[in-house]
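Participant: Let me begin by handing over the structure; questions about it come next.
Each reported figure results from applying straightforward, stated rules to the coordinates on display, with no laboratory input. None of the values given here were measured: they were computed from a predicted structure. Glycine also receives a Cβ, built like all others from the backbone with ideal geometry; neighbour counts cover every protein chain displayed.
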Amino acid sequence: MIKAAFDKHKSIFIPFIMAGHPNLAVSTKAVMALARAGADIIELGVPFSDPIADGPVNQRAAELAIGNGMNLGEVLTQVQAIRSMGCKTPIILFTYLNPILAFGYGKFCHQAKAAGIDGVLVVDLPPEEGEDFYAILQEAGLEIVLLVSPTTDPARLPIYIKRKPCFIYYISRLSVTGIQQDLSNTLEEELHDLRKTITNTKIAVGFGISSIEQAKYVSHIADGVIIGSKLVSTLETSGIGAFEDKVKEFADIIHGGNL
C-alpha cells in the first residue's frame, strides 16, 4: 500500500497527528478527516513521556494523550477501530523504542499488522542497532521507515539500503519537530547528494514544514512532504473542521500539478 501511495503523485502528502490528542474520540475523527481530505499516508504518533525528537507542540500533544490513558496497546486498538470504519489510507506508526520494548518485539509486530498498521518508524533506533527488530518487523509484513539527517555520515548509508525501507524520512533541518519560519537553504542540494547513494528509495521531507509556501517548495524537490506540528496545533486550538480544511489546503498544494 505504501509503494502504491507514492505512485499516485509526483510528491505525496504525509500528515502527522498524535494518537489520543486532544482525546481519543477527536483523534479518531482526525484520522478519518485526513483520509477524506487528501492524505496519501498517515503518520500516527505513539505518545511517549520522553520524546527527545519532538518540539513543544508535539510534546504537549503527547502529554495530553498520556493523560487520556493512551499507550501503545491503546493506539493499536484505535487503529483497528479506524480500519473498521473504512479507512484504507496507509498508516505508519511514529514511535520511540521503549514502548515497543515493553510490549515485546514479536507481540508488537503481530498485533500491529493485525490492527492494520502498514509501517513503523522508530525514531531512536539506528539501523545498525535494530537488526533483530527489523527482521521481525519485515517477517510480520510491516514496512520500515528510516530517518536520515543532514549530519548522517554517507558511509552509513549502505546499512540504510540493506534494511530496505519503504521510504526515507529526511529531516529538513537540525532541530526537533515544530513550526519553523525557514527551511535549510541547502535542502535541495542535500537531497541531490542523498540520491546519489539512495537511488531506488523514495525520500520524504519533514521537521519544521508549516506553511503553504514551504510545502509547495518541498513538493517540487522531494517525493513526499511530511507536516505535523502545524496540524497538531490546529486540531487542538481550532477544532476538527478547521483541521480538515487545513489538511485539504496542504494536500491541494502538494498535489497541485503533480497528477
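Participant: Taking the Cα centre of the range 214-259 as the origin and placing charges on Cβ (Lys, Arg +1; Asp, Glu -1), which of T234, A251, V218 is farthest toward the positive end of the dipole?
Facilitator: Farthest along the dipole direction, towards plus: V218.
Participant: Only helical DSSP H runs with n ≥ 4 go in: add -39500 (n - 2.57) per run for the chain, normalise by residue count and round the 222 nm mean residue ellipticity to 500 deg cm²/dmol.
Facilitator: -14500 deg cm²/dmol
Participant: Hey, another quick one. Can you work out ³J(HN,Hα) from phi for every residue in the range 232-247, in order, using Karplus 6.51 cos²θ - 1.76 cosθ + 1.60 and θ = phi - 60°, giving whole Hz and x for Gly and Pro?
Facilitator: Coupling constants for the range 232-247: 4, 5, 4, 4, 6, 8, 10, x, 5, x, 5, 4, 5, 4, 5, 4 Hz.
Participant: What is the distance in Å between the Cα centres of the range 87-113 and the range 125-153?
Facilitator: What the calculation gives is 13 Å, centre to centre.
Participant: For the range 122-205, what does the equivalent ellipsoid look like in terms of its semi-axes, each the square root of 5 times an eigenvalue of the Cα gyration tensor, given largest first in whole Å?
Facilitator: Semi-axes (√(5λ), whole Å): 24, 15, 11.
Participant: What's the magnitude of the charge dipole for the chain around its Cα centre, counting Lys and Arg as +1 and Asp and Glu as -1 at the beta-carbon? Answer in Debye, nearest 20.
Facilitator: Approximately 680 debye in magnitude.
Participant: Taking amide H atoms as placed 1.01 Å from N in the peptide plane, list the residues 5 or more away in sequence, or in a different chain, whose amide H sits under 5 Å from that of M18.
Facilitator: G45
Participant: In 10 Å bins starting at zero, report the fraction of Cα pairs in the range 67-187 per bin as a rounded %.
Facilitator: Spelled out bin by bin, the range 67-187 gives 12, 40, 32, 15, 1 percent.
Participant: Could you work out the local net charge near I92, counting Lys and Arg as +1, Asp and Glu as -1, over the other residues with Cβ closer than 9 Å to its Cβ?
Facilitator: -3
Participant: Please pull out the direction-averaged projected area of the range 2-249, using the convex hull of its alpha-carbon atoms, in nm² to one decimal place.
Facilitator: 11.7
Participant: Once the other residues with Cβ under 12 Å from the Cβ of F6 are scored (Lys, Arg +1; Asp, Glu -1), what is the net sum?
Facilitator: Local net charge: 0.
Participant: May I ask you to list the residues of the range 67-104 whose amide nitrogen lies under 20 Å from a point 7 Å from Cα along the Cα→beta-carbon direction of D50?
Facilitator: 67, 70-73, 94-104
Participant: What ranking do Y105, Y96 get, fewest neighbouring Cβ atoms within 10 angstrom at the top?
Facilitator: Final ranking by Cβ density, sparse to dense: Y105, Y96.
Participant: Using a cut-off of 14 Å between beta-carbons, work out the net charge of the residues near S149 (Lys and Arg +1, Asp and Glu -1, S149 not included).
Facilitator: The answer is -2.
Participant: Mind ordering 16-27, 73-84 by average Cβ neighbours within 10 Å, highest first?
Facilitator: The packing order, highest mean first, is 16-27, 73-84.
Participant: With 10 angstrom as the radius, rank K113, K202 by how many other C-beta atoms surround their C-beta, starting from the fewest.
Facilitator: Fewest-to-most ranking of K113, K202: K113, K202.
Participant: If you don't mind, another one. Please state, as a whole number in µm²/s, the translational diffusion coefficient that the Stokes-Einstein equation yields for the range 1-76 at 10 °C and 1.306 mPa s, with Rh defined as the Kirkwood radius across alpha carbon pairs.
Facilitator: In µm²/s, the coefficient rounds to 121.
Participant: 5 Å is the cut-off here: which amide hydrogens, built 1.01 Å from N in the peptide plane, fall below it relative to I91, excluding neighbours closer than 5 in sequence?
Facilitator: For I91, the qualifying residues are I42, D118, G119.
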